[in-house]
Each structure stands twice: as C-alpha cells, then as structure tokens.
1. Mind listing whichever residues of the stretch 150-161 are over 18 Å from LEU179 (Cβ atoms), assigned to a strand (DSSP E or B) and open to solvent by 70 Å² or more (accessible area, probe 1.4 Å)?
2. Within the bounds of the stretch 117-125, is there any residue that is closer than 29 Å to ILE54 by Cβ, part of a helix (DSSP H, G or I) and out of contact with any Leu (no Cβ under 6 Å at 6 or more places or on another chain)?
3. With (1) over 30 Å from GLU161 (Cα atoms); (2) out of contact with any Phe, Trp or Tyr (no Cβ under 8 Å at 6 or more places or on another chain); (3) of a type in the set (A, V, I, L, M) as the list, and ILE17 as the residue in question, which single condition is left unmet?
4. In contact (Cβ under 8 Å) with a residue 24 or more places away in the chain, assigned to a strand (DSSP E or B) and either crowded, with 17+ Cβ neighbours inside 10 Å or touching a strand residue (DSSP E or B) at 6+ places or on another chain (Cβ under 8 Å) (or both): does that describe ILE171?
5. How many residues are under 22 Å from TYR157 (Cβ atoms), assigned to a helix (DSSP H, G or I) and touching a helix residue (DSSP H, G or I) at 6+ places or on another chain (Cβ under 8 Å) when one looks only at the stretch 104-115?
6. Every residue in the stretch 71-86 that is in contact with a Ser or Thr (Cβ under 6 Å, 6 or more places away or on another chain) and either aromatic (Phe, Trp, Tyr) or in a loop (DSSP other than H, G, I, E, B) (or both), please.
7. Take the residues of the stretch 61-86 that are among the basic types (Lys, Arg) and open to solvent by 50 Å² or more (accessible area, probe 1.4 Å): which is nearest to SER127 (Cα to Cα)?
8. Exactly one condition in (1) assigned to a strand (DSSP E or B); (2) open to solvent by 30 Å² or more (accessible area, probe 1.4 Å) is not met by ASP89; state its number.
Amino acid sequence: MKEIIKNQTVYYESVNILVNIPVLEYLKETEHSFNLRYVSLDTFERLKNAEGIIYLQDRKLLAGCADFKGNAFNSSGGLKVSDPNKIIDGSFIIQDDRIIYDAMCPFYDERDSFVYTNGREFYTTMSMKDILLEELEIKRQYLIYLGNKLKNRKYVYKFEEVSREELLKYITDKEKGRLVLEKMRKYY
C-alpha cells in the first residue's frame, strides 16, 4: 500500500492506495481537481498524527489537476507534474494518451496558475520521479515540446517523439531541459 494524506479542512485523513494503482490515477478518479504537495517524512508523520490544522509554510507543489482554461495542450489546467524542489525545469503534462514535457516553467509558476488553487490538497513523500515512473508504466506517447513553428501563416506546435527511456532522462537530468529551452529559442 502507498499512503497519502488528504486535507479535510479541519483534520487530515490518511488514504491508502494499492501498489498497482498510480497515485495520480487514483486522484483523477476520486477528485475533480486536486493539488499534490511534497512533504518530508517528519511533516508527513506530523500530519498523520495531527489533532488540528497544521500550517505548512513551504508550498512544494508536485502535481496539480484542474479544468482547462483554453484549447491549447499547454494551457493552464489539466494534469501537470513539476519538480517541487525546482531542480528540473518545466512541467510534465499528462493526458490520456500522451505525456508531454514542456521545459518552459513549472505549472505552479504559470501565468494562470491560480486555476490550481481550488482543488483539494493532498500530501505525499513521493518524489517527482516516483510519481512519473508510475505514469510511465501506462502505455502512452512520449513527447518533448519544442515550441511553435510558422506553417501556412499559422503557428503549429512542434514536438519530438521520444522513447520511455529518453523521457526518463528529462525527469532526472536538468541539463536535458536546458537543451530543450535552447532549441525552443531558435523558433522564436
């Protein structure tokens, strides 16, 4: 079993998730919108044993899910994962049939990041890598967003399809994201 903690506004509730069910899949099935925050083991234990609300100063957002604000794949909203420790740049956008790495900025720093503030809050000790490894077990298309390209007087999204193993490198290597940002600058 994996354990996360659900913020119930006036108390905290432990939630056990079967090992074979990814945390984000569970949350998508049970919640309309949500925020998943990373906390240390000590803080996690404090939340489990809390008899009242605990104010957490550090808002280390790991994942967020909210209604889309626009038609574009990278619009605010949807299910996104970012590094709460700000080591890996950008966001991983998880859709039904694909995972897209967008190196531009973490979802919690987007211009319209307020769309993620209305969801129920959950807490975990899992890292971004752990969360995304679970999602990589689901067969999907893996894409790297390289910016927009002018085609027939319209801008179209430019993607590079990569393997599961290659996408895993973007989850762990900050330099890979910086290289994507350099490629993107060529198109602007």
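The values are calculated or read from the model by the stated rules, or taken from the named source; none is laboratory data. Small disclaimer: the values here were computed from a predicted structure and weren't measured. Every residue, glycine among them, receives a Cβ derived from its backbone with ideal geometry; neighbour counts consider all protein chains shown. Heavy atoms of the whole protein, side chains included, go into the accessibility calculation; ligands, DNA and RNA do not. Shrake-Rupley method; radii C 1.70, N 1.55, O 1.52, S 1.80 Å.
1. Result: LEU150, LYS151, LYS154, TYR155, TYR157.
2. No, the stretch 117-125 has no match at all.
3. Tallying (1) over 30 Å from GLU161 (Cα atoms); (2) out of contact with any Phe, Trp or Tyr (no Cβ under 8 Å at 6 or more places or on another chain); (3) of a type in the set (A, V, I, L, M), ILE17 fails exactly one: (2).
4. So ILE171 does not fit the description; no.
5. Here the count works out to 2.
6. SER82
7. Step one: list which residues in the stretch 61-86 are among the basic types (Lys, Arg), which gives 69, 80, 86.
Filter once more, so that each one left must be open to solvent by 50 Å² or more (accessible area, probe 1.4 Å): 69, 86.
Working: LYS69: 27, LYS86: 12 Å.
Looking at residues that are among the basic types (Lys, Arg) and open to solvent by 50 Å² or more (accessible area, probe 1.4 Å), I get LYS86.
8. (1)
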